[in-house]
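To start, the structure under review is shown below, and the notes come after it.
The values are calculated or read from the model by the stated rules, or taken from the named source; none is laboratory data. Note that the structure is a prediction, hence the values are computed from the model and not measured. Glycine also receives a Cβ, built like all others from the backbone with ideal geometry; neighbour counts cover every protein chain displayed.
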Amino acid sequence: MTHAVPLITLDALAIGAFATVVGVSPGDAADDGIGLARRLMELGFVPGEKVRLLKRGMPGGEPLAIKVGNSTFALRRFEAALITIQPDQ
């Protein structure tokens, strides 16, 4: 019997952990959420892509240093919260 790993958002991933992108949700419509989701997908956060949380900034844990593909990006926590992932086991 196998247990499915629950889906979480990228902002909840542990430092150093790997995951696979499942999807990107549009943010708040008042903040042009569709444009933000499109920008994240253009950066490489597309379903099936592997990601890794490299580091959290101090103080407050922002920004998040995220490796996607061969690139590293700094995301704010609310941006990372739009990206649904499945952590690797």
Exercise for the section: Out of Leu64, Leu10, report the one residue that is modelled with pLDDT of 95 or more and closer than 14 Å to Pro87 by Cα. Expected result: Leu10
Problem - Among residues of region 30-89, those that are of a type in the set (Ser, Thr, Tyr) and over 9 Å from the mean Cα position of the chain (by Cα), counted - result: 2
Fill in the blank from the handout: Flagged in region 18-28 as surrounded by 14 or more Cβ atoms within 10 Å (Cβ to Cβ) and in contact with a strand residue (DSSP E or B) (Cβ under 9 Å, 6 or more places away or on another chain), in numbering order, are Phe18, Ala19, Thr20, Val21, Val22, Gly23, Val24
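To keep it simple, each residue is scored yes or no on (1) in a helix (DSSP H, G or I); (2) surrounded by 14 or more Cβ atoms within 10 Å (Cβ to Cβ); (3) not small (Gly, Ala, Ser).
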| site | (1), (2), (3) |
| --- | --- |
| Arg52 | no, yes, yes |
| Pro59 | no, no, yes |
| Glu62 | no, yes, yes |
| Ala65 | no, yes, no |
| Phe73 | no, yes, yes |
| Glu79 | yes, yes, yes |
| Gln86 | no, yes, yes |
Problem - Residues satisfying the stated conditions in region 37-49, i.e. within 15 Å of Ala19 (Cα to Cα) and exposed (fewer than 14 other Cβ atoms within 10 Å of the Cβ) - result: Pro47, Gly48
